[in-house]
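The values are calculated or read from the model by the stated rules, or taken from the named source; none is laboratory data. This structure is a prediction, so every number in the text was calculated from the model and none was measured. Glycine gets a Cβ as well: all are built from the backbone with ideal geometry, and neighbour counts include every protein chain shown.
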Amino acid sequence: MQDCWLSAQHSEAYKKPTYKLLVSKQQRHMGIYEMDEFKRLYVFMCQERGSEPQESVLSQMKEIRESTKRRQLDLSTQSISQESCQVLGILLQNDVTFTQVLLSDCMISEDGLKAFLQGMQSNSVIKHLDLKGNNLQAKGGEALGKFLRHTASLTSLTLEWNNLGTWENGFSFFCEGLALNQSLQKLDLRNNQINHKGAEELAMALQRNSTLQELDLRWNNIGLLGGRAIQSCFESNKALVKLELSGNNISSDVLKAIELCIKHNQERQFVKKGNMNQQQILTKEVQNLKQDKNRQFINMMETIDKQREEMNSINRNAVLQAGKLRGTLEERTSVVNSLTAKLQLMEADLALSHQKEQDLGDLLRQVKQQDSSMMEKHAKELMKAKEEFREHEAKRRRDLAAANEKNLHYRSKIDELERKCQTQQDLVFELKQELTNTTAELKLRAVQAEERFEAEKKRFRQFRDNSTTLHQKEVDHMAKHLEDAERVTQERVQRLEATKLGLEEELSRLKIMLANQHTQAEEELQKVRSFVQLEEQHSAVLHDKLRTLTQSRDQAQNQVLQQNQMIGELQTKNNQLSLEIEVLKRRIDGIQQELATKEEEKLSALTKVRVEFHEQIGHLEAQLATQEGLREKISALERQQKVQSHQHREILLDKESEISTLMEKLRLKDAEILRIREEEAHRACLLQNAIHSFISSSPLGSTTDKK
């Protein structure tokens, strides 16, 4: 056994001495490690690094060696340490035996994944990599991005049940690697907590990628913005044919638009494949025709060569015969003196030989004529074949023209569909503008109402100031006319007491109404909480409880409307109170006029009633204090109304948020139920297959088959 180096320098992370591996020259030349050799190298490198090899990994390698799937390195559900990841990355660097690597649920650390992927970058055989359920985060996303930049053989990557989307920087590195990748065709990113920002990064990557055909993004948090970003990537991406987006809170119109884009891409891919198939068929037919013509030409050349060989053989025979005749002539000329009697016979023989030569010349001429006729026939056949080839090419060109016309027809249909989509988008935009206009009008109306309310407050304050000034004037005049003033003040006190009693009754009514509303709101909250607990206890009856939730929401909306009606009634009551105050102002004006008429009559009685006047002044100040207290109570009630209306709005918003959270919980539970059903169905199928295989392998099964 000879020592060899697996790699001179693996990467900057592995600035350590290289490892001498016991590999034969033939294995290094072929680039194929057998499973026993792979296992032995794993143990050797772990020992060289000062760490013990994992028993779980060794047992799994043994199972792979015994199984039929030797092209698949399956280490799923085996906890793999960082050292094992580094060793496996180095071993797979130049390995050509495995085409699939399965590392799902292996609890791989991010440093271990980085070392493993650095070793995998130079591998040119592995097509599928499964990293499901390894809790990959920021460093894992960066390592995957670097790996996707450099790999040129990987076509399928599974990253289900990881946390790549929670780290924006790591996911952006991953998206950059995906954008630069030119080999990946299938990518699984289910349950990776990808938000709308991650979806935008992924859409930017898809705009630059031209090889990815299948993408699975189910059960993430992409949302409406992310769905629109993914929709925008289809303007430049024409390769993506399959996209799964269920469980991402994306609106139905965006999903429909994405489905239309995917259908367009599928149609384009189908048309491209059809064109490619037609081109391949045409090239094959052309090649077959060329081969047939070459064969015919070769056969014709072979026949011509054979004829030439026959002519050469005839010429050689004639030359040989002529040589023989010449030899005989020389012999006879030498024996002329002795054979003069036989000269005549020899001349006859020569004449015969001349005749034979003429005959042979005639034969040669006939053969040449036959050759020329054969050449003409072959030339005619070649012309016919060329004409047939031209007709065939014309037919193919007509077929291509028809296909191009079909493509133009499909493109016109696509343009019409895009125009329809644009019209629908314009309608949506107009509706949004109308909504914004209505909201702006409502806000303006609310601002105008607040301005009117503040103007009324200012008027009330001015009236209060005017009333105080008038009261001072009245005090000055009352020094003159106290007797009539006493009667008037007694009447006013009685009226004010009556108004006070009315206001107190109204305040008590308002408090009772507000307390009832508060109790109703608390009862509704308790009902909602109990309803939530019942939903958590009874997940099997979620759909029925959704209906009850919608009913309770309608009831809450009705109650809100009732509360708004109550607020309107209170506002009307406030308006009535303001009208009563205006009536009182008018009465005060009348009293002031009466006092002005009686001022002259009661100047003489001023000295007598000064003591009583001071006492009445104290009573009047007390009444003014009571009036100010009532006014303060009215303002406090108004503030309480505002606070309660704000509280009711907050309660409604909380209820709506609770309803949305409940809907999300229901959706997640439905998804879990579907996933559990799929797993149970898969398990049932596996159990059925296992039982069927057990029955077929058991002796009972064999007896039943014989029967």
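Right, SER51: more than 31 Å from the chain's Cα centre (by Cα) and outside any loop (DSSP other than H, G, I, E, B) or not? Taking the combined requirement at face value, the residue does not satisfy it.
Check off (1) buried (at least 18 other Cβ atoms within 10 Å of the Cβ); (2) closer than 19 Å to LEU159 by Cα; (3) not β-branched (Val, Ile, Thr) for SER84 and give me the number that stays unchecked. That leaves (2) as the condition not met. Among the conditions (1) at pLDDT below 85; (2) under 13 Å from ASN134 (Cβ atoms); (3) of a type outside the set (Val, Ile, Thr), ASP111 misses just one, which is (1).
Within segment 386-402, residues that are closer than 18 Å to LYS290 by Cβ have Cβ atoms under 9 Å from residues that are of a type in the set (Phe, Trp, Tyr) and in a helix (DSSP H, G or I) in no pair, counting only partners at least 6 apart in sequence or on another chain. Just one of the listed residues (ILE591, ILE581) is farther than 14 Å from GLU483 by Cβ, in contact with a helix residue (DSSP H, G or I) (Cβ under 7 Å, 6 or more places away or on another chain) and among the hydrophobic types (A, V, I, L, M, F, W, C), namely ILE591.
So which residues in segment 247-273 are under 11 Å from the mean Cα position of the chain (by Cα) and over 15 Å from GLU214 (Cβ atoms)? Passing the criteria: GLY247, ASN248, ILE250, LEU255. Just the residues that are over 15 Å from ARG149 (Cα atoms) and not in a helix (DSSP H, G or I), please, taken from segment 106-126. Listed by number, the residues that qualify are CYS106, MET107, ILE108, SER109, VAL125, ILE126. Looking at this structure, is LEU408 modelled with pLDDT of 80 or more, hydrophobic (A, V, I, L, M, F, W, C) and either touching a strand residue (DSSP E or B) at 6+ places or on another chain (Cβ under 9 Å) or closer than 22 Å to LYS263 by Cβ (or both)? For LEU408, the condition - modelled with pLDDT of 80 or more, hydrophobic (A, V, I, L, M, F, W, C) and either touching a strand residue (DSSP E or B) at 6+ places or on another chain (Cβ under 9 Å) or closer than 22 Å to LYS263 by Cβ (or both) - is met. Only residues in segment 166-179 that are closer than 23 Å to TRP219 by Cβ and at pLDDT 90 or above count as the first member; pair them with residues that are of a type in the set (Phe, Trp, Tyr) and not in a helix (DSSP H, G or I), Cβ under 9 angstrom, at least 6 apart or cross-chain, and list the lot. Short answer, once both residue conditions are applied: none. Within segment 359-374, residues that are closer than 14 Å to ASN317 by Cβ reach partners that are in a helix (DSSP H, G or I) with beta carbons closer than 7 Å, at six or more positions or on different chains, in the pairs LEU360/ALA318; VAL367/MET311.
The single condition among (1) loosely packed, with under 11 Cβ neighbours inside 10 Å; (2) charged (D, E, K, R); (3) touching a Ser or Thr at 6+ places or on another chain (Cβ under 9 Å) that GLU580 does not satisfy is (1).
Can you name the residue in segment 604-646 that is more than 60 Å from the chain's Cα centre (by Cα) and among the charged types (D, E, K, R) and, of all such residues, is modelled with the lowest pLDDT? By that ranking, first place goes to ARG610. For VAL57, the criteria (1) modelled with pLDDT of 85 or more; (2) assigned to a helix (DSSP H, G or I); (3) over 39 Å from the mean Cα position of the chain (by Cα) hold in every case but one, which is (3).
This table checks each residue for (1) farther than 27 Å from CYS261 by Cα; (2) of a type in the set (Ser, Thr, Tyr); (3) crowded, with 20+ Cβ neighbours inside 10 Å.
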site: SER153; (1), (2), (3): yes, yes, no
site: ILE194; (1), (2), (3): no, no, yes
site: ARG208; (1), (2), (3): no, no, no
site: THR211; (1), (2), (3): no, yes, no
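ASN162 passes every criterion in (1) touching a Leu at 6+ places or on another chain (Cβ under 9 Å); (2) farther than 18 Å from LYS114 by Cα; (3) in a loop (DSSP other than H, G, I, E, B); (4) not hydrophobic (A, V, I, L, M, F, W, C) apart from (2). Check segment 334-357 and report whether any residue there is surrounded by 11 or more Cβ atoms within 10 Å (Cβ to Cβ), of a type outside the set (Phe, Trp, Tyr) and touching an Asp or Glu at 6+ places or on another chain (Cβ under 9 Å). Within segment 334-357, none of the residues are surrounded by 11 or more Cβ atoms within 10 Å (Cβ to Cβ), of a type outside the set (Phe, Trp, Tyr) and touching an Asp or Glu at 6+ places or on another chain (Cβ under 9 Å). Scanning segment 71-105 for residues that are more than 19 Å from VAL43 (Cβ to Cβ), assigned to a loop (DSSP other than H, G, I, E, B) and free of Cβ contacts under 8 Å to residues at least 60 places away in the same chain returns ARG71, SER76, THR77, THR99, LEU103, SER104, ASP105.
Is at least one residue of segment 408-423 without any contact (Cβ under 8 Å) to a residue 12 or more places away in the chain and more than 38 Å from the chain's Cα centre (by Cα)? There is no residue in segment 408-423 that is without any contact (Cβ under 8 Å) to a residue 12 or more places away in the chain and more than 38 Å from the chain's Cα centre (by Cα). Among the residues of segment 635-649, those that are farther than 14 Å from GLU522 by Cβ and without any contact (Cβ under 8 Å) to a residue 60 or more places away in the chain comprise SER635, ALA636, ARG639, LYS642, VAL643, HIS646, ARG649.
Selection of segment 139-159 for residues being touching a Leu at 6+ places or on another chain (Cβ under 9 Å), of a type in the set (Gly, Ala, Ser) and more than 17 Å from LEU103 (Cβ to Cβ) yields only GLY145.
Scanning segment 215-240 for residues that are outside any helix (DSSP H, G or I), in contact with a helix residue (DSSP H, G or I) (Cβ under 9 Å, 6 or more places away or on another chain) and over 17 Å from GLU664 (Cβ atoms) returns LEU215, LEU217, SER236, ASN237, LYS238, ALA239, LEU240. Tell me, please, whether a residue that is farther than 30 Å from LYS273 by Cα, in a helix (DSSP H, G or I) and in contact (Cβ under 8 Å) with a residue 12 or more places away in the chain can be found in segment 241-248. Within segment 241-248, none of the residues are farther than 30 Å from LYS273 by Cα, in a helix (DSSP H, G or I) and in contact (Cβ under 8 Å) with a residue 12 or more places away in the chain. Assessment of segment 267-280 against the conditions (surrounded by fewer than 14 Cβ atoms within 10 Å (Cβ to Cβ), among the small types (Gly, Ala, Ser) and more than 23 Å from GLU200 (Cβ to Cβ)) yields at least one matching residue.
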